[in-house]
1. So which DSSP H runs in chain B come out at 24 Å plus along the axis (Cα) with average Kyte-Doolittle of at least -0.5?
2. Which distance in nm do the two modelled labels at B:F369 and B:E147 give, with both placed 7 Å along the Cα-to-Cβ direction?
3. Peptide B:236-244: average number of partner chain Cβ atoms within 10 Å per residue?
4. Applying a 10 Å radius around every beta-carbon, put B:394-407, B:307-320 in order of their mean neighbour count, most first.
5. Cβ under 15 Å from B:D382's Cβ, B:D382 left aside: what net charge do those residues give with Lys, Arg +1 and Asp, Glu -1?
6. Pull out a ≥ b ≥ c, the square roots of the eigenvalues of the alpha-carbon gyration tensor of the protein assembly as shown, then state rounded if a/c is under 1.5, prolate if not and a/b is larger than b/c, and oblate in the remaining case.
7. Report the calculated FRET efficiency for B:A18 and B:D267 (r = Cβ-Cβ distance, R0 = 45 Å), to the nearest 0.05.
8. When only Cα pairs under 8 Å and 6 or more residues apart are kept, what is the percent relative contact order across the range B:33-135?
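Every number here is computed from the coordinates shown, using simple stated rules; none is lab data. This is a predicted model, so every value here is computed, not measured. Note that each Cβ is placed from the backbone with ideal geometry, even for glycine, and that neighbours are counted across all protein chains shown.
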Amino acid sequence: MKILLCCNAGMSSSILVKKIREAAEKRGMEITIQAVANAGIKDEVGKWDVCLVGPQLMYAVSNIKSQLNIPVASIEPRTYALADGDKALDFAISLIKG
Amino acid sequence: MNKIQAWLQKWLMPIATALENQRHLQAIKDGIVGIVPIIIIGSFCLVPTGIGNLIGGGVQEWVNAHNSIITFPTYFTTNIMSLYAVLYIANSLAKSYDIKNVLVGASAILVHLLLSVTITEEGAWTVSYLGAEGLFVAMISAILAVEVMRLCSKHNLTIKMPDSVPPMVADSFSILIPLVIDVVIATAIATLCQNLGGTTFPQVIMNILAPAISSMDSLPAVMIVIFITQLLWVFGLHGAAITSSVWAPFAIANATANAAAVAAGADPTHVFTFGFYYGFLQVSGSGMTLGLVIMMMLSKAKSLKTIGRVGIIPSLFGVNEPIIFGAPIIMNPFLMIPFVFGPVIVAAIDYLAMASGLVGLPLWEAPGFLPPGFQAFLLTLDWKAAVLAIFNVVLMTIFYYPFFKMMEADELKKEAANS
């Protein structure tokens, strides 16, 4: 499973990257995960299964979705704030399953 | 409260989304913000001069004696800044249109040079308009080149090669017609400006934009920008990311103009630069929340303590999303008041402190995402500026305190009821 995280500068979402990776390791899941800045989203077309967007960029979700053509959604604010890797991972899985 | 939220969501979200989808604005913002590292490198080369002036004596003499070597790179960074900007803006706009031609950036550079550089009778280049004054021309050049390319391919005005031709070769043929159009338009504009107006295109643009540039670097403008930024955050939207598509070009042009003044041995004149915004008005993140984070860490309320602990380290480096979404500040009836109005007061104090000469003006650009005071010092080489940045955080802590106490009492009551 390949998860892309996106926020304005790719900084605040990078906090969550580590936590999601840890959560996946605990479950014995193989994942690829990376945080990028919104400005670089065009370079990510075709590389990912799902994209989670920082809640501060929820206004950009539709634009990101039209470019990536994969499930894209903004992360629930509290999950994002606490960098809750488990919840974020569940969310990513639920998005892929639709 | 929910009604207000629903109403604002209904009106704010579409505006934010529309701005986000306006590809020219986004390309300009991404392009201009993308070249900040180049400005920072140019600024580094001016730092020895600044330190020499600060210390004086032998250090100053040594720096002055070697100045031509130390400041050599500034001629190719800050002084021709717009040349980097035009490439970056064109690439990012081309990307948004899915234009894959690798030469589109080069065509934008060509347009920009035609519009901005004049040639003396001896055949030498005059490049003075490639610096700060050229940034706005760079936006025009980049948009012109990319749009010409796009319209040409839309209307099949390109030389198409068979599919078996390698893409690099095909690209160089398909850009030929757009390039001819670019060159004709840009040369016509440059010649018209020179022959009819006796001036240059960048000067014409600067004359048109002069009122906007000077009104952007003013106390009311800074207060309005910070107010809107903070207000957007209250609704969970990234304030700076949205508002900066309007102010970042001005703020970066101002920083470049300041650096050019310093390089020429003059005093900087602009207060509202990119660094002023981040190094003073966004210390420890939007809303300057460091004091709030510490109060949360020390709180008896468990939920607040947890968020405070998660948020403290990122906060020290200017990242406070954990606090904004965790406290949360979003739609929080207690915290939104100091969060929105506090920074407006801070902005007024800082602007006046600089405009009055009490604290040094930003000399150039400096790296951000540093603990409070560091960027402010690097920007100004004035210890009073570092004190001012820390003072901002302390003042904000005082603003947050009563509201935090109310929120904490509320939170403790909830926790007691749940246990």
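1. B:2-21, B:135-154, B:176-197, B:239-263, B:336-355, B:383-418
2. 3.4
3. 5
4. The packing order, highest mean first, is B:307-320, B:394-407.
5. -1
6. Note, shape of the protein assembly as shown comes out oblate.
7. 0.65
8. Relative contact order for the range B:33-135 comes out at 29 percent.
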